[in-house]
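Below you'll find the structure, written out as structure tokens, and then a few comments.
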Amino acid sequence: MDDSFITMAHGAGGLKSRELVEKMMLPAFDNKYLRQMHDGAKLLLKNNIAFTTDSYVVKPLFFRGGNIGKLAICGTVNDLSMTGAIPRYLSVGMIIEEGFPMVDLQTIVNTMKKAAQEAGIYIVTGDTKVVDKNSGDGIFINTAGVGELIEGSNIAPQNVRPDMDIIVSGYLGDHAASVMAVRHGLELPDNIKSDCAPLNGLVKEILQAAPQVAVMRDATRGGAAAVLNEIAGQAQVGIIIDEEKVPVRKEVRGFCDILGFDPLYLANEGKLIAFVNKKDTPIVLQTMHKNKYGKNACMIGTTNDKSCGEVGLRTIIGGIRIVDMPAGEQIPRIC
């Protein structure tokens, strides 16, 4: 039997399954919780918790700046962080297609290890299933995460009021552009790669500097447009953003022009949008600029009590156009 590829035996629960876990997963994710090798992890938590789960089906699996493994760890860490929690523990479930190269799986696992270490979280339990060849598209990953809520923070859309500032942590659209470039065989400049990154450190610093931040969201599927429309609808406020203030790299904007995309709708995997009181804007921006994942943060707009539930874009020529909620996925299989 060729051990260079995943076989159905690796998902059968027997010797090959145990070898896969002991030779690849345990050395990568080793910690005192996972080492128990129990049916579930016994965890120590002291505070109120946040809990989230997500599945990752990105295509292609590898792209400039990351791969499906890094995406899975960072995406779940970021979802927990947006609730005002410190991520603590993650589970990882993999559905792997028969014939998947073992070397690619090792690369994905190693990337997950590095992302987890950077985020300071433990992968404490997991599961592996193998499906027949041509029925799994390589590999799918499901994660669930638990975090402890930061005392004093209260992150919720209902906290958003008129006359608040809207801050984005950096350039939009890099992740979607990187994934689409691989799909379409397009060349991008070396400075354009996925922004996939764990934002928990940045979020913690923001909340320490300004505990009264109303809400934060990571702009993943549907991009900034989806986040802004969600908050406008949930908080029943109007939103106006300025086109000239929205940070988009010229290379990504050119990429969008070629393929007919709007950067506001492109997915990101390492960018957050925060709604803050105007008095807190200077300290929030100052704090973000000191962090490598917020060094390009800027204020892009404000909330108001007009046209509640709607998002408007003040164009460079001075008009206002409505930014609608995405009707569907502009770019499928992006995360």
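The values are calculated or read from the model by the stated rules, or taken from the named source; none is laboratory data. All of these numbers come straight from a predicted model, not from anything done at the bench. Cβ placement follows ideal geometry from the backbone for every residue including glycine, while neighbour counts extend to all protein chains displayed. Remember, those area values only see protein heavy atoms, side chains included, never the ligands or the DNA or RNA. Shrake-Rupley method; radii C 1.70, N 1.55, O 1.52, S 1.80 Å.
Okay, residues lined up against (1) touching a helix residue (DSSP H, G or I) at 6+ places or on another chain (Cβ under 9 Å); (2) in a helix (DSSP H, G or I); (3) of a type outside the set (D, E):
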site: R18; (1), (2), (3): no, yes, yes
site: E22; (1), (2), (3): no, yes, no
site: M25; (1), (2), (3): yes, yes, yes
site: H38; (1), (2), (3): no, no, yes
site: A41; (1), (2), (3): yes, no, yes
site: L44; (1), (2), (3): no, no, yes
site: N47; (1), (2), (3): no, no, yes
site: F51; (1), (2), (3): yes, no, yes
site: D54; (1), (2), (3): yes, no, no
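Could you pull out the residue among K245, K204 that is open to solvent by 60 Å² or more (accessible area, probe 1.4 Å), within 26 Å of M112 (Cα to Cα), modelled with pLDDT of 95 or more and not small (G, A, S)? Before the answer, list the steps.
Numbers: K245 fails: within 26 Å of M112 (Cα to Cα).
Exactly one residue qualifies, and that residue is K204.
Of everything in region 208-226, what is open to solvent by 10 Å² or more (accessible area, probe 1.4 Å) and within 19 Å of L285 (Cβ to Cβ)? Give them in sequence order. Break it down into steps so the answer makes sense when it comes.
First, pick out the residues of region 208-226 that are open to solvent by 10 Å² or more (accessible area, probe 1.4 Å): 208-209, 211-212, 217-218, 220-222.
Hits for region 208-226 are Q208, A209, P211, Q212, R217, D218.
Confirm whether I108 is touching a residue at least 60 places away in the same chain (Cβ under 8 Å), over 22 Å from L44 (Cβ atoms) and touching a helix residue (DSSP H, G or I) at 6+ places or on another chain (Cβ under 9 Å). Give the steps one after another, and end with the answer.
Values: touching a residue at least 60 places away in the same chain (Cβ under 8 Å): no; over 22 Å from L44 (Cβ atoms): yes; touching a helix residue (DSSP H, G or I) at 6+ places or on another chain (Cβ under 9 Å): yes.
Here the answer is no, as I108 does not meet what is asked.
Any residue that is open to solvent by less than 40 Å² (accessible area, probe 1.4 Å) and touching a Cys at 6+ places or on another chain (Cβ under 8 Å) - is there at least one of those in region 123-133?
no
V58 passes all but one of (1) touching a helix residue (DSSP H, G or I) at 6+ places or on another chain (Cβ under 8 Å); (2) open to solvent by 20 Å² or more (accessible area, probe 1.4 Å); (3) in a loop (DSSP other than H, G, I, E, B); which number fails?
Checking V58 against (1) touching a helix residue (DSSP H, G or I) at 6+ places or on another chain (Cβ under 8 Å); (2) open to solvent by 20 Å² or more (accessible area, probe 1.4 Å); (3) in a loop (DSSP other than H, G, I, E, B), the one that fails is (2).
Filter region 278-292 down to the residues that are crowded, with 16+ Cβ neighbours inside 10 Å, over 21 Å from the mean Cα position of the chain (by Cα) and either of a type in the set (S, T, N, Q) or not in a helix (DSSP H, G or I) (or both) and list them by number.
Within region 278-292, T281 is the sole residue that qualifies.
Looking only at residues in region 73-106 that are β-branched (V, I, T) and not in a strand (DSSP E or B), which one is nearest to G126 (Cα to Cα)?
Quick first cut of region 73-106, residues β-branched (V, I, T) only: 73, 76-77, 83, 86, 92, 95-96, 103.
Next, only the ones that are not in a strand (DSSP E or B) stay: 73, 76-77, 83, 103.
Working: I73: 13, T76: 14, V77: 16, T83: 24, V103: 20 Å.
Only one residue tops the list, namely I73.
Going by the structure shown, is N304 touching a Pro at 6+ places or on another chain (Cβ under 7 Å), farther than 21 Å from V77 by Cβ and either open to solvent by less than 10 Å² (accessible area, probe 1.4 Å) or at pLDDT 95 or above (or both)? Full working, then the answer.
Details: touching a Pro at 6+ places or on another chain (Cβ under 7 Å): yes; farther than 21 Å from V77 by Cβ: yes; either open to solvent by less than 10 Å² (accessible area, probe 1.4 Å) or at pLDDT 95 or above (or both): yes.
For N304, the condition - touching a Pro at 6+ places or on another chain (Cβ under 7 Å), farther than 21 Å from V77 by Cβ and either open to solvent by less than 10 Å² (accessible area, probe 1.4 Å) or at pLDDT 95 or above (or both) - is met.
If the requirement is being in contact (Cβ under 8 Å) with a residue 12 or more places away in the chain and either open to solvent by less than 40 Å² (accessible area, probe 1.4 Å) or touching a Leu at 6+ places or on another chain (Cβ under 7 Å) (or both), which of these qualifies: I95, I139?
Details: I95 fails: either open to solvent by less than 40 Å² (accessible area, probe 1.4 Å) or touching a Leu at 6+ places or on another chain (Cβ under 7 Å) (or both).
On inspection, the qualifying residue turns out to be I139.
Could you list, in sequence order, all residues of region 194-213 that are over 13 Å from L272 (Cα atoms) and touching a Phe, Trp or Tyr at 6+ places or on another chain (Cβ under 9 Å)?
S194
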